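The values are calculated or read from the model by the stated rules, or taken from the named source; none is laboratory data. Predicted model only: the values in this text are computed from it and were never measured. When we count neighbours, we look across all protein chains shown, and the Cβ atoms used for this are built from the backbone with ideal geometry, even at glycine. For the accessible areas, the whole protein counts, side chains as well, though only heavy atoms, and no ligand, DNA or RNA atoms are used. Shrake-Rupley method; radii C 1.70, N 1.55, O 1.52, S 1.80 Å.
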Amino acid sequence: MKVLVVGGGGREHALAWKLAQSPKVQAVYVAPGNGGTALDARLENINITDVQALREWAVAEKIALTVVGPEQPLAAGIVDEFRAHGLRVFGPTKAAAQLESSKAFSKAFMKRHSIPTAEYETFTDAVAAHAYVDEKGAPIVVKADGLAAGKGVVVAMTLHEAHEAIEFMLATSPDHNVLGVTHNEGGARVVIEEFLQGEEASFIVMCDGKNVTAMATSQDHKRLLDGDQGPNTGGMGAYSPAPVVTPDVHARAMREIILPTIKGMEKDGIPFTGFLYAGLMIDAQGRPKTLEFNCRMGDPETQPIMMRLKTDLFDVMMAATSGALDQVELDWDRRPALGVVMAAHGYPLNPRKGDVIHGLPKPSEAAGDAVVFHAGTRKQDNTTVTAGGRVLCVTALGSTVKAAQQRAYEVAQSIQFDGAQYRKDIGHRAIKS
């Protein structure tokens, strides 16, 4: 069987790496892939990003299964395009992907279906948005309505920060739209919501339209610097499982958030298939609320989750695209896994590209206890160079979170490129002092 993974980041490298381990898979193609997928003999990069051209290629190559990694092609309707031509594809339709591509849609959906989330209002008018912030006070959360690669959220601890975020997000000029937000139809919108206290966790499930199976829990680190300081990023590291998601929290999240979401989407005539990622805020009493939905696996959460998955991912995906997820049970390595993101000089605002990466381990046929997943890399002659903000995710298994952390940092310290930056405290919440 031939499999196609759409995307070029660390999440897609991890998915392709796992799918290539299936004895039923003869070839895994990654479009467009990265320097790491280019180095792995089991994977082949395809330099096609246009949805229609990719669909034509998949038909010609008789691709048995397509797995879509990033949010942009999902929001562009790649699943609809592939299905219309008889291709088996795992991911949500364009309409269902609005749970991520429009925060206004998502919040209205949660309100309509009584899914616990923060109190909010939506604005297109800056004057009204500023007035609302002045009325509510800080801290407060300001979110861009469109896709922003995980960076369209400002947790404003002061009124000044909130007003500044509104100005940026409602800017009509692309020159002033520093967050790189992809606006939805109707122009710029912001969602302003109450600040929730608690601990965040990533709760990711697979859905086939009716049935749901939960992935291993995980937790990522959004801030650039140690101690959860500095600017927000797409994610500087992650680990699995997340101790904050106790069995009781897990049951509540499924009962109060995930299942009502799947039933609500079906009721609204938009059945959800694919990965559903609920960003949770869990309060001191163990009550989860939904911060946001993503319609794909998280990055960097995917990397430690795939390290722990023992079940054949191809079999799971085939069941998920056949409406048979209720017949699948996932088997997990009991050992925790932890991933450390190595980012480029200047990340997140102005990442530098073209720095040569030294000390990369060669891809191994065996999984081993540590794998370096590539994200912002590309092959250049006989070298691998940086080509994006988040460059690598060094991921390791260990008998404890502390052991996984030590192994990941041991490998990370052997890799060098000019201006490399990474946090030294990934996993700190899960490590008992």
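Of note:
- Charge dipole (Cα centre; +1 on Lys/Arg Cβ, -1 on Asp/Glu Cβ; no other charges) of the stretch 322-415 amounts to roughly 460 debye.
- Amide H contacts under 5 Å for residue 118, placed H, 5+ residues apart: 290
- For residue 273, the residues whose amide H sits under 5 Å from its own are 93, ignoring neighbours fewer than 5 places away on the same chain, with H placed 1.01 Å from N.
- Residue of 339, 33, 227 that the Gaussian network model of the chain assigns the largest fluctuation, springs spanning Cα pairs under 10 Å: 227
- Positive-end ranking of 77, 154, 132 along the dipole of the chain, with charges on Cβ about the Cα centre, is headed by 77.
- Estimated FRET transfer efficiency when R0 is 51 angstrom, pair residue 332-residue 128 (beta carbons, to 0.05): 0.60
- Distance between the modelled labels on residue 121 and residue 353, one decimal in nanometres: 4.1 nm (7 Å Cα→Cβ projection).
- Normalised per residue, the accessible area of the chain is 41 Å², obtained with a 1.4 Å probe and no contribution from ligands, DNA or RNA.
- Interchain or long-range residues, amide H under 5 Å from residue 90's placed H: 66, 67, 68
- Using alpha carbons only: equivalent-ellipsoid semi-axes of the stretch 276-433, gyration tensor based, whole Å: 28, 20, 18
- Cα gyration tensor shape for the chain, rounded if a/c is under 1.5, else prolate or oblate: rounded
- Listed peptides 54-65, 98-109 by packing density, highest first (mean Cβ within 10 Å): 98-109, 54-65
- Gaussian network model of the chain, springs between alpha carbon atoms under 10 Å - residue of 96, 251, 16 with greatest fluctuation: 251
- Between 71, 301, 410, the GNM of the chain built on Cα springs shorter than 10 angstrom shows 410 fluctuating the most.
- Reach of residue 402 by Cα under 27 Å, taken over lysines that are not fewer than 8 positions away in the same chain: 18, 222, 310, 362, 424, 432
- Other residues with beta-carbon under 12 Å from the beta-carbon of residue 275 carry, at +1 per Lys or Arg and -1 per Asp or Glu, a net charge of -3.
- Projecting the alpha carbon convex hull of the stretch 313-359 along each direction and taking the average yields 6.8 nm².
- By average C-beta atoms within 10 angstrom, highest first, the peptides 415-425, 322-332, 273-283: 273-283, 415-425, 322-332
- Of all accessible heavy-atom area on the chain, the percent that carbon and sulfur account for (1.4 Å): 50 percent
- Rg and Dmax [Cα atoms of the stretch 294-333; Å; Rg one decimal, Dmax integer]: 11.0, 28
- For the stretch 241-367, the relative contact order works out to 17 percent when only alpha carbon pairs closer than 8 Å and six or more residues apart are counted.
- Other residues with beta-carbon under 13 Å from the beta-carbon of residue 325 carry, at +1 per Lys or Arg and -1 per Asp or Glu, a net charge of -3.
- Relative packing of peptides 371-378, 113-120, 349-356 - highest average C-beta neighbours within 10 Å first: 371-378, 113-120, 349-356
- Charge dipole (Cα centre; +1 on Lys/Arg Cβ, -1 on Asp/Glu Cβ; no other charges) of the chain amounts to roughly 940 debye.
- Electrostatic tally near residue 49: other residues with Cβ closer than 15 Å to its Cβ, Lys and Arg +1, Asp and Glu -1, net -3.
- Computed on the chain, with alpha-carbon pairs under 8 angstrom and 6+ residues apart, the relative contact order is 16 percent.
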